[in-house]
Amino acid sequence: MNKSKRPFTKSKRSFRRRLPPIQSGDRIDCRNMSLISRFISEQGKILSRRVNRVTLKQQRLITIAIKQARILSLLPFLNNQKQFER
């Protein structure tokens, strides 16, 4: 069997590079709510590093900022408002 002719080849798609969620000028701070709210799920949980696509150092700073914002009551600890659609 000739290996050069494969019946199932993956199509070569051009991938667009995703922009990093945190720019170089952004400060990760508990008062920067527009930045912090991007890294929280609808339930109020902190999203993982893989979902956020941030570095380990950035994820640590985000986690600390979210926890400080929760203590300062800028963010809720939980968001248990279940929406029933019937």
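The values are calculated or read from the model by the stated rules, or taken from the named source; none is laboratory data. Predicted, not measured: the structure shown is a model, and the values here were computed from it. Cβ placement follows ideal geometry from the backbone for every residue including glycine, while neighbour counts extend to all protein chains displayed. Surface accessibility is based on the protein's heavy atoms, side chains included, excluding ligands, DNA and RNA. Shrake-Rupley method; radii C 1.70, N 1.55, O 1.52, S 1.80 Å.
Out of all the residues in the range 43-63, which are free of Cβ contacts under 8 Å to residues at least 24 places away in the same chain and either of a type outside the set (Val, Ile, Thr) or outside any loop (DSSP other than H, G, I, E, B) (or both)?
Lys45, Ile46, Leu47, Ser48, Arg49, Arg50, Val51, Leu56, Lys57, Gln59, Arg60, Thr63
Here is a check on your reading of the model: is Leu74 modelled with pLDDT of 90 or more, open to solvent by 70 Å² or more (accessible area, probe 1.4 Å) and part of a loop (DSSP other than H, G, I, E, B)? Here the answer is yes, as Leu74 does meet what is asked. Selection of first residues in the range 12-26 that are under 17 Å from Asn52 (Cα atoms) and of second residues that are not in a loop (DSSP other than H, G, I, E, B), restricted to Cβ pairs under 6 Å at least 6 apart or on distinct chains, gives the following pairs, ordered by first then second residue: Ile22/Gln58; Asp26/Leu35.
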